Every structure is written in C-alpha cells, then in structure tokens.
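Let me begin by presenting the structure, written as structure tokens, before commenting on it.
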Amino acid sequence: MNTALAMLAAEGTASAGQGIVMILGYVIVFGAFIYFLMIRPQKKQQAQMNTLLSSLEIGDSVLTTSGFYGVVIDINDDVVIVEFGNNKNCRIPMQKAAIVDVEKAADGIEK
C-alpha cells in the first residue's frame, strides 16, 4: 500500500511541475506577443517623430495637432514660434511636440 501511495505522490509532483512549465511558457509567449504588437511599433513611431522634429528648420511648413498649418519662424529647445496665415502679427509660440507633420521649404526661397 505504501508503494501505491508513493507512486501516486510522484505522479502528482511530476504533473504539477509540468503545469508550472506550461504556465511559464504561456506567460513568455504572451509577453513576446505584447512586445511585438504594441511596444515595438510605438518605439518605432516615437523614433520617427524624434527624427522629424530634429530635422525641423526655420522656413519649414508645419501641421499642428490642432490642424493648423503654419511656417516656422524661430526654434528654441522645446519651443517653436510658428506664423499662421499671411498675417505677420499671428505668431504663436508652441511646443515641438504639438507638430505632427513637416514639409521642407523649397530650395529657391529665402528663409
């Protein structure tokens, strides 16, 4: 009778160990799935945005997050002064993070 109990206990321990390995495998697969579908594309998009903002120059046409088109007049560290429309009095300072798209100035135009 003792041998039967010992065999039963050994089977229970082995199946519990396999269950833990299976759960750990699922956690690793799920983590990799989350990384490749959510985290990696976000980092890639952030790197593209940083490249876009670092290439920003005076005279470039920009599109802001609020949907306004303007021309860059001055650039500081995190602040950009943008002129909207043909009115020279409509110059607004804004954060670089508010810029969504940049269109480079034409080569023949003075800045």
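When region 61-90 is limited to residues that are of a type outside the set (Gly, Ala, Ser) and closer than 13 Å to Val100 by Cβ, the one that is nearest to the chain's Cα centre (by Cα) turns out to be Thr65. Of the residues examined, Leu52 is one that is assigned to a helix (DSSP H, G or I), open to solvent by less than 100 Å² (accessible area, probe 1.4 Å) and touching a strand residue (DSSP E or B) at 6+ places or on another chain (Cβ under 7 Å). Of all residues in region 30-49, those that are closer than 12 Å to Ala98 by Cβ and either charged (D, E, K, R) or loosely packed, with under 11 Cβ neighbours inside 10 Å (or both) total 0. Of all positions in region 71-86, at least one carries a residue that is free of Cβ contacts under 8 Å to residues at least 12 places away in the same chain and either charged (D, E, K, R) or surrounded by 13 or more Cβ atoms within 10 Å (Cβ to Cβ) (or both). Within region 87-111, being open to solvent by less than 100 Å² (accessible area, probe 1.4 Å) and either polar (S, T, N, Q) or farther than 23 Å from Gln45 by Cβ (or both) holds for Asn87, Cys90, Ile92, Pro93, Ala105, Ala106, Gly108. For region 17-26, check the following and say yes or no: at least one residue is under 23 Å from the mean Cα position of the chain (by Cα) and hydrophobic (A, V, I, L, M, F, W, C). Checked region 17-26: no residue is under 23 Å from the mean Cα position of the chain (by Cα) and hydrophobic (A, V, I, L, M, F, W, C).
The values are calculated or read from the model by the stated rules, or taken from the named source; none is laboratory data. Quick caveat, the model's predicted, so the values are computed rather than measured. Positions of Cβ are backbone-derived with ideal geometry, glycine not excepted, and every protein chain shown enters the neighbour counts. In case anyone asks, the SASA skips ligands and DNA or RNA and just uses the protein heavy atoms, side chains included. Shrake-Rupley method; radii C 1.70, N 1.55, O 1.52, S 1.80 Å.
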